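Everything below concerns the one structure shown next.
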Amino acid sequence: MKSQLIMTLATIASAASFEKRSTYSGVATFNNYAAQGNTVCGPKTGVSGTYGVAIGDLSPNIWSGNKCSGSIDYSKCNGQNPISGYSGPACPTTTCGKCFQVCNAGGYGGASVGGVGNCIKVNVIDACPSESAYNYCKTDVPADERCGSSSTNAIDIDVSSYYALTGTGWTNSSPNLKIIEVFYRGAYSVNNNLWGESAGSGSQCTKVNSVSGSGVSWSTTWTWSGGSSSVKSYANSGVAFTKKLVSQVNSIPTSVQWNYDNTNINADVSYDLFTAADINHVTYSGDYELMIWLGRYGSIQPIGSQIATATIDGISWALWYGSNGSQKTYSFVASSPIKSFSTDIKHFFNYLTQNQGFPASSQYLIDLQFGTEPFTGGPATLSVSNWSANVQ
């Protein structure tokens, strides 16, 4: 987790190194779907590599009546769920079949659990009802942790996921988990991640316009004040890939088109990549961090100090270097905003390997994102008309 202490601009500028996660945080409860015959549309079976999850409100055309005493129209459950291995349409049409990443943020209510930072992928197969189906009427679950609670962002996950999230198997006495959720579709994810919001006051909302195999379009609108030396968030898009040693990466082609509607702000627009000697290192930090600042507005600066001027793919960059604890951060900063950008990020790693002693043969590439770090200002909207990236 990031420190909430007020730090210098140089330190805070890289603070997003530590937790670049999701728009949503909340609590996860757990259910043994396969063993339950009275769930909505009957038992569910798993899909390889993912876990079933219930989220949102129960479709009114499936469930009728009062909470815990209504009835299910089973005739509407046959073969209508788009996810192979699951039955029934009992989730909102806007989310049914969608894929999310869920990360363990600790035991709910202060309970001690292992595996903090572990993440899994889940498919929405069902709906947490405010007009509840039988299996959600759990008297042993506090009201603020129930999946159907109107005041809590809660989801219900199949118990088979508990080991992957915590390193221990689920039992009836296992604590529920605080979680962070990431919208995920295909290779791309979009995250709001208001990790530094407590350092000031304001708000931010991130909207996904479209996601496909060829890229993602999104925007984020924010207003932040106070804590002028503190990053408030890192709204970003990310891409999934097979982790490999940087020396074994052939290329990292990427392109982006973006624009800020208000430049009287303190914010950056940047790529952010992490590497680590441990392939299983958490992906929100690393041994090394590579940032590429395409936009720098206001008086902010990267961590550390400028150590060189580098020319890569015909563009001159100010190269900054600093450390945040044991993590070493290199930041390539453009002299003026580059709003349409295409490159091979492997060229930046090649420069660091040849000129700064970056150990490419022992560092795994573990994370790749593009987004913005706001400090203060607004209202301002970053619009990303398209971002794509691939690790080859």
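Of note:
- Members of the range 343-362 found to be surrounded by fewer than 14 Cβ atoms within 10 Å (Cβ to Cβ) and among the hydroxyl-bearing types (Ser, Thr, Tyr), listed by number: 361, 362
- The requirement of being assigned to a strand (DSSP E or B), assigned by TED's automatic domain parsing to the domain that holds residue 273 and acidic (Asp, Glu) is fulfilled nowhere in the range 305-322; no residue meets it.
- Residues of the range 357-380 satisfying the condition of being in contact with a helix residue (DSSP H, G or I) (Cβ under 6 Å, 6 or more places away or on another chain) and closer than 25 Å to residue 201 by Cα: 373
- Note on the range 213-249: among residues that are assigned to a loop (DSSP other than H, G, I, E, B) and touching a Lys or Arg at 6+ places or on another chain (Cβ under 7 Å), the one that is surrounded by the fewest Cβ atoms within 10 Å (Cβ to Cβ) is 249.
- Of the residues making up the range 285-294, at least one is buried (at least 18 other Cβ atoms within 10 Å of the Cβ) and more than 30 Å from residue 120 (Cβ to Cβ).
- Scan the range 255-265 for residues that are buried (at least 21 other Cβ atoms within 10 Å of the Cβ) and out of contact with any Leu (no Cβ under 8 Å at 6 or more places or on another chain) and the total you get is 1.
- Just so you know, in the range 360-392 the residues that are in contact with a Pro (Cβ under 8 Å, 6 or more places away or on another chain) and outside any strand (DSSP E or B) include one that is nearest to residue 250 (Cα to Cα), and it is 392.
The values are calculated or read from the model by the stated rules, or taken from the named source; none is laboratory data. Since we're looking at a predicted model, the values are computed, not measured. FYI the Cβ positions are ideal-geometry reconstructions off the backbone, even for glycines, and counts take in every protein chain you see.
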